[in-house]
Amino acid sequence: MPLGLVALAIGGFGIGLTEFVIMGLLPEVAGDFGVSEATAGWLISGYALAVVVGALGLTAATTRLPRKTVLLGLLLLFIAGNLLSAVAPTYEVMLAGRVVAALCHGAFFGIGAVLAADLVAPQRKAFAVATMFTGLTAANVLGVPLGTLLGQAAGWRSTFWAITAVGVVAWVGILVLVPRGSTSAPSSVRSELRAFRSVQVWLSIVVTVLGFGGMFGAFTYIAYTLTEVSGFSSGAVPWLLVVVGAGLFVGNAAGGRAADRSVDRTLVFVLAGLAVVLSGFALTASSQVATVVWLFLMGIFGFATVPGLQTRVMHYASTAPTLASGANIAAFNLGNALGAWAGGTAIAAGLGYTSPIWAGAVITLAGLAVMVTAAAVTRSPTREAALVA
């Protein structure tokens, strides 16, 4: 395996940690700043929306710059944002720190996914993307539970100090392990924008928003579901997140292998499975045994979509994939924001702490419908050509 993929995974670990660890600490952060659950949820939604801005704006602004230099600069932005979160005296300052850190997220994964795919043979592209996203799964399996434990034991600020340190290590990893030969940026903004003439690029982006939005509709407020509905103690939450993280690891690996065989069939199957899992979870969340099983399956089906979704966009934007890749990373996080908003709205409406899971199931079904449509269009070249025209 190219060492450059290891470096990208290290960067993905740091960024994944800052994105996901807040979910296990949301009650502590909300209590410290004296804000409601829905308001605290903006630390997740605000992050996701800032990723959208960074994924499009920073990717477009840096298309002509060396990719390694861009990745190093993005990690410096990540370090600064997490440092601001660690020292934040108010909720507003912490939200600002989350936004600063998030600006690097989309561009890093968008550019990094293209670079990762270029490091391997064409038939291994989904595997390469999955390897890069292993950093995200490792962040969930190891980083999020440990970060939550650290935050509960020593205060949530200690977790963000630790994330800042991880960012420094990731920066060194990119500097040392990404080869010089992978630093060229081959296209202009104008050529990158041409990729958006493909209807399949747009359909893929919509599937990403809805498919990942469904996952996050359930996951954003998972700490409240586990403690208020399933009856677990707050101290059990980090260990339950390990279960989710283990599922993410399995799903990412399996999804990458399956997508190398057939992207569309994989995505249809996984999205249908995720809708079933979320519905089952919502119906049986009061059972602790069932909850543990559903958490593992939610991790598998929720993250098995990622390699396929990213590879699909890059395939249909193959002549100039960098900006389309970044746009799809933005779509993942727009989905995060959609899911967090839907879940928070459901809770605020008094529908209970299983309502975000139901909201996630509905959003996932919408994503499945779009994916089935996109797959049908690919089987009818005449119809696709008419749509593009």
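The values are calculated or read from the model by the stated rules, or taken from the named source; none is laboratory data. Because the structure is a prediction, the values reported are computed rather than measured. Quick reminder, even Gly has a Cβ in these numbers, built from the backbone with ideal geometry, and neighbours come from all protein chains shown.
Couple of notes before you dig in:
- Among the residues of the range 266-311, the ones that are under 30 Å from Leu115 (Cα atoms) and in contact (Cβ under 8 Å) with a residue 12 or more places away in the chain come to 20 in all.
- Within the range 276-317, the set of residues being of a type in the set (S, T, N, Q), surrounded by fewer than 24 Cβ atoms within 10 Å (Cβ to Cβ) and touching a helix residue (DSSP H, G or I) at 6+ places or on another chain (Cβ under 8 Å) comprises Ser279, Thr284, Thr291.
- Selection within the range 298-312 - under 23 Å from Phe127 (Cβ atoms), in a helix (DSSP H, G or I) and either acidic (Asp, Glu) or in contact with a Gly (Cβ under 7 Å, 6 or more places away or on another chain) (or both): Gly299, Ile300, Phe301, Gly302, Phe303, Thr305, Val306, Pro307, Gly308, Leu309
- Within the range 226-248, the residues that satisfy the criterion of being in a loop (DSSP other than H, G, I, E, B) and touching a residue at least 40 places away in the same chain (Cβ under 8 Å) are Val229, Ser230, Gly231, Phe232.
- Residue match in the range 208-229 (condition: in contact with an Asp or Glu (Cβ under 7 Å, 6 or more places away or on another chain), surrounded by fewer than 24 Cβ atoms within 10 Å (Cβ to Cβ) and within 21 Å of Val293 (Cβ to Cβ)): yes
- Per the listing Ala48, Ala38, Ala55, the residue uniquely more than 20 Å from Gly81 (Cα to Cα), buried (at least 18 other Cβ atoms within 10 Å of the Cβ), hydrophobic (A, V, I, L, M, F, W, C) and touching a Gly at 6+ places or on another chain (Cβ under 9 Å) is Ala38.
- Considering the range 318-389, the qualifying helices (runs of 4 or more DSSP H), each wholly inside and each with 3 or more residues that are out of contact with any Cys (no Cβ under 9 Å at 6 or more places or on another chain), modelled with pLDDT of 75 or more and among the hydrophobic types (A, V, I, L, M, F, W, C), run over 321-348, 355-378.
- Applying the criterion of being surrounded by fewer than 19 Cβ atoms within 10 Å (Cβ to Cβ) and β-branched (Val, Ile, Thr) to the residues of the range 142-175, the residue that is nearest to Thr69 (Cα to Cα) is Val172.
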